[in-house]
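Undergrad: Right, I'll just put the structure down here and ask away after.
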Ligand code: FEO
């Protein structure tokens, strides 16, 4: 990358795009790439806010040097230690002699674990400040958004907040950096996918962070991934607030596991019956075809979820089991749930889906239904009530 972008005051965006990585954290698809945003403040004192992933860094150091124009780097502020942001810390330390690492006690534990670094540390606590000249920074501890050490850095002068992963998005920045330079509709799905896949598990901690920031005036939201919000920061704040409250849109996601099409046929029938009740957002997915990350994104978006599994060696289908395990892990809430399945010998799909409901805080809106053998029109009528109740419950919830 051969440019930096002025943000506000003496702050410059100095991030990079990564279009090579196929899977974020080696699990979540990056079909549209991702940006790692880093910011340089060239004030009376100079400070870098977060770095970038090492394999995507390119000429990152040269770009910093160009902005510093012969000056040194006084501080490297570490809001988050996940390697997509901490990847260049050691390189920065080696290159800019005397730079002080700014972080909290938990940050430095990881810094030491990664590189054995114990010196040039500037430890901050919640509410501590750092005066750079024009910019007066204040540190806000926001643990578990997304790791235990995560914090945010708020500039009281220009009212820009450097939020780490919070308010981030999948998707590379294809020229436009700011929300007003981009058709933001393109990003909304990627933002929710990023939120639900990466940060969603910590939604209660996101809500705690919101409570802390409630009375803080914010003009610019500068996350470490995705657009910088300078024209409409309230848009991304509202979206994150909504998602972390599990506030979903009216609609039903039907996800099925099917070996030979029997459970799939039931999924189609349920979808049709829900549509007859006037619900328009109905999306049916084969758990063997769609990646877990996309399924979780869809589940986060809508308030109704129908899961169906064939029996597989007297258990749930393995990929459905993986999905349900991930939903438990993420603490999914506030969905209306229904279950179905089919079997040819002694069952196992629905039996284990029912066990899943004991471990999640989801409301089962209808008695689960399971079909023996191939469905026919008589057997399928058993699903009318399930579909009707699902439609009724998602409509009522909005
Ligand atoms: Fe973008 Fe939790 O790292």
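The values are calculated or read from the model by the stated rules, or taken from the named source; none is laboratory data. Owing to the predicted nature of the structure, the values given are computational and were not obtained by experimental measurement. Cβ sites come from the backbone with ideal geometry, for glycine too, and all protein chains shown count toward neighbours.
Undergrad: Tally the residues that are surrounded by 23 or more Cβ atoms within 10 Å (Cβ to Cβ) and either in a helix (DSSP H, G or I) or within 16 Å of the ligand (Cβ to nearest atom) (or both), restricting the search to segment 61-83.
TA: Counting residues in segment 61-83 that are surrounded by 23 or more Cβ atoms within 10 Å (Cβ to Cβ) and either in a helix (DSSP H, G or I) or within 16 Å of the ligand (Cβ to nearest atom) (or both) gives 6.
Undergrad: Starting from segment 131-157, keep only residues that are farther than 30 Å from residue 196 by Cβ, then list their pairs with residues that are within 16 Å of the ligand (Cβ to nearest atom) and modelled with pLDDT of 95 or more whose Cβ atoms are within a distance under 6 Å, requiring at least 6 positions of separation or different chains.
TA: Within 6 Å, the pairs are 137/153.
Undergrad: For the subset of segment 155-185 comprising residues that are touching a helix residue (DSSP H, G or I) at 6+ places or on another chain (Cβ under 8 Å) and closer than 22 Å to residue 213 by Cα, which member is surrounded by the fewest Cβ atoms within 10 Å (Cβ to Cβ)?
TA: Top of the filtered list is 179.
Undergrad: Only one of these is closer than 30 Å to residue 189 by Cβ, surrounded by 14 or more Cβ atoms within 10 Å (Cβ to Cβ) and either at pLDDT below 95 or within 14 Å of the ligand (Cβ to nearest atom) (or both): 107, 150. Name it.
TA: Matching residue, one of 107, 150: 150.
Undergrad: Could you check segment 44-60 and list, in sequence order, the residues that are in contact with a strand residue (DSSP E or B) (Cβ under 9 Å, 6 or more places away or on another chain) and either under 19 Å from residue 152 (Cα atoms) or part of a loop (DSSP other than H, G, I, E, B) (or both)?
TA: Scanning segment 44-60 gives 44, 45, 46, 47, 48, 49, 50, 51, 52, 53, 57, 58.
Undergrad: Would you point out which residue out of 359, 321 is more than 21 Å from residue 265 (Cβ to Cβ), loosely packed, with under 14 Cβ neighbours inside 10 Å and either in contact (Cβ under 8 Å) with a residue 24 or more places away in the chain or not assigned by TED's automatic domain parsing to the domain that holds residue 196 (or both)?
TA: 359
Undergrad: Could you tell me whether residue 257 is buried (at least 20 other Cβ atoms within 10 Å of the Cβ) and in contact with a strand residue (DSSP E or B) (Cβ under 9 Å, 6 or more places away or on another chain)?
TA: yes
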